[in-house]
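J.: Just passing along the structure, written as structure tokens.
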Amino acid sequence: MILSDKKILEAIATGEIVIEPFDPACLGTNSYDVHLGKYLAVYKDRVLDAKKHNTIEHFEIGPEGIELQPGTLYLGVTEEYTETHNSVPFLEGKSSVGRLGIDIHATAGKGDVGFCNAWTLEISCVQPVRIYAGMPIGQLIYFSVDGDIENYYNRKPGAKYNQRSIRPVESMMWKNQF
């Protein structure tokens, strides 16, 4: 079941959901709008290797914005830091962003209960497009969880994305055993 605006506010009041900074104007009927942070990153190497640590280069989006190019994966980050302790967060792109030909995630739209961080975005575009820090980029939708939780993400010893960051984080696939 998707949480309504009133249920999201109740969860914020009890600390089950944390959104920093929180702006009531960003709360929709059943979602919360998040914004593009000022940092982007790209991989240093053109060919990536799932078994190796692929390093990234961070840069800041200036007031003039930045023009994204097709064929490049950009890692972005939300301005908002979030925590979810009793619901499953889903991040979806805003339809206005999609209508500009921008995808904000390739596969990682679902968070885990216990996820506590800003969201790294996997940004790609179908044609050149200029984007700006602070622009609405996506919306968080929260699903209620049925049953008790044994394994919160922020308490997992092997969780790869627990370190709080205001910058995009590269793939940690290389830490997996395969």
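J.: Quick check on the stretch 99-115: of everything there that is in contact with a strand residue (DSSP E or B) (Cβ under 9 Å, 6 or more places away or on another chain) and at pLDDT 95 or above, which residue is nearest to residue 38 (Cα to Cα)? Spell out how you get there, then give the answer.
T.: Taking the stretch 99-115 as the starting set, the residues that turn out to be in contact with a strand residue (DSSP E or B) (Cβ under 9 Å, 6 or more places away or on another chain) are 100-115.
Filter once more, so that each one left must be at pLDDT 95 or above: 100-104.
Values: 100: 19, 101: 20, 102: 17, 103: 18, 104: 15 Å.
That would be 104.
J.: Say we look at the stretch 28-44 and pick out the residues that are out of contact with any Lys or Arg (no Cβ under 9 Å at 6 or more places or on another chain) and in a loop (DSSP other than H, G, I, E, B); which of these is nearest to residue 123 (Cα to Cα)?
T.: Filtering the stretch 28-44 for residues that are out of contact with any Lys or Arg (no Cβ under 9 Å at 6 or more places or on another chain) and in a loop (DSSP other than H, G, I, E, B), the one nearest to residue 123 (Cα to Cα) comes out as 38.
J.: Any chance you could count how many residues in the stretch 113-134 are surrounded by fewer than 17 Cβ atoms within 10 Å (Cβ to Cβ) and either part of a loop (DSSP other than H, G, I, E, B) or among the small types (Gly, Ala, Ser) (or both)?
T.: Final tally of qualifying residues: 5.
J.: With the requirement that a residue be touching a Ser or Thr at 6+ places or on another chain (Cβ under 9 Å), of a type in the set (Gly, Ala, Ser) and surrounded by fewer than 16 Cβ atoms within 10 Å (Cβ to Cβ), what does the stretch 1-35 give you? Even if it seems obvious, please write down each step before you answer.
T.: Keep residues of the stretch 1-35 that are touching a Ser or Thr at 6+ places or on another chain (Cβ under 9 Å), which gives 1-5, 7-8, 11, 16-20, 29-30, 32, 34-35.
Still in the list and also of a type in the set (Gly, Ala, Ser): 4, 11.
Correct list: 4 only.
J.: Which pairs have Cβ atoms under 6 Å, sit 6 or more apart or on different chains, and link a residue in the stretch 7-21 that is farther than 14 Å from residue 143 by Cα to one that is of a type outside the set (Lys, Arg)?
T.: If the second residue must be of a type outside the set (Lys, Arg), the pairs left are 18/83; 19/80; 19/82; 20/81.
J.: Tell me the residue from 80, 92 that is crowded, with 18+ Cβ neighbours inside 10 Å, under 16 Å from residue 32 (Cα atoms) and charged (D, E, K, R), please. Explain how you work it out, then say what you get.
T.: Numbers: 92 fails: crowded, with 18+ Cβ neighbours inside 10 Å.
Only one candidate passes the filter, namely 80.
J.: Please work out if residue 140 is more than 17 Å from residue 162 (Cα to Cα), among the hydrophobic types (A, V, I, L, M, F, W, C) and crowded, with 18+ Cβ neighbours inside 10 Å. Write out each step before concluding.
T.: Details: more than 17 Å from residue 162 (Cα to Cα): yes; among the hydrophobic types (A, V, I, L, M, F, W, C): yes; crowded, with 18+ Cβ neighbours inside 10 Å: yes.
Yes.
J.: Inside the stretch 143-178, can you point out the residues that are assigned to a loop (DSSP other than H, G, I, E, B), surrounded by 13 or more Cβ atoms within 10 Å (Cβ to Cβ) and of a type outside the set (D, E, K, R)?
T.: The answer is 145, 149, 152, 159, 161, 162, 165, 166, 168, 169, 171.
J.: Oh, and also: Can you find, within the stretch 100-112, the residue that is surrounded by the fewest Cβ atoms within 10 Å (Cβ to Cβ) among those that are farther than 19 Å from residue 18 by Cα and not β-branched (Val, Ile, Thr)?
T.: The first filter runs over the stretch 100-112 and keeps only residues farther than 19 Å from residue 18 by Cα, leaving 100-108.
In the following step, the residues that additionally are not β-branched (Val, Ile, Thr) were identified as 100-101, 103, 105-106, 108.
Working: 100: 15, 101: 14, 103: 14, 105: 18, 106: 11, 108: 14.
This residue is 106.
J.: Right, another one. All but one of (1) in contact with a strand residue (DSSP E or B) (Cβ under 9 Å, 6 or more places away or on another chain); (2) surrounded by 11 or more Cβ atoms within 10 Å (Cβ to Cβ) hold for residue 64; which doesn't?
T.: (2)
J.: Report whether or not residue 83 is at pLDDT 95 or above, closer than 21 Å to residue 131 by Cβ, out of contact with any helix residue (DSSP H, G or I) (no Cβ under 6 Å at 6 or more places or on another chain) and outside any helix (DSSP H, G or I). Can you show your working first?
T.: Working: at pLDDT 95 or above: yes; closer than 21 Å to residue 131 by Cβ: no; out of contact with any helix residue (DSSP H, G or I) (no Cβ under 6 Å at 6 or more places or on another chain): yes; outside any helix (DSSP H, G or I): yes.
For residue 83, the condition - at pLDDT 95 or above, closer than 21 Å to residue 131 by Cβ, out of contact with any helix residue (DSSP H, G or I) (no Cβ under 6 Å at 6 or more places or on another chain) and outside any helix (DSSP H, G or I) - is not met.
J.: Something else: Is it the case, given these coordinates, that residue 97 is crowded, with 16+ Cβ neighbours inside 10 Å and either on the phi > 0 side of the Ramachandran plot or not in a strand (DSSP E or B) (or both)? Break it down into steps so the answer makes sense when it comes.
T.: On the way: crowded, with 16+ Cβ neighbours inside 10 Å: yes; either on the phi > 0 side of the Ramachandran plot or not in a strand (DSSP E or B) (or both): yes.
Yes.
The values are calculated or read from the model by the stated rules, or taken from the named source; none is laboratory data. These numbers were taken from a predicted model, which means no experiment stands behind them. Backbone-built Cβ (ideal geometry, glycine too); neighbour counts: all protein chains shown.
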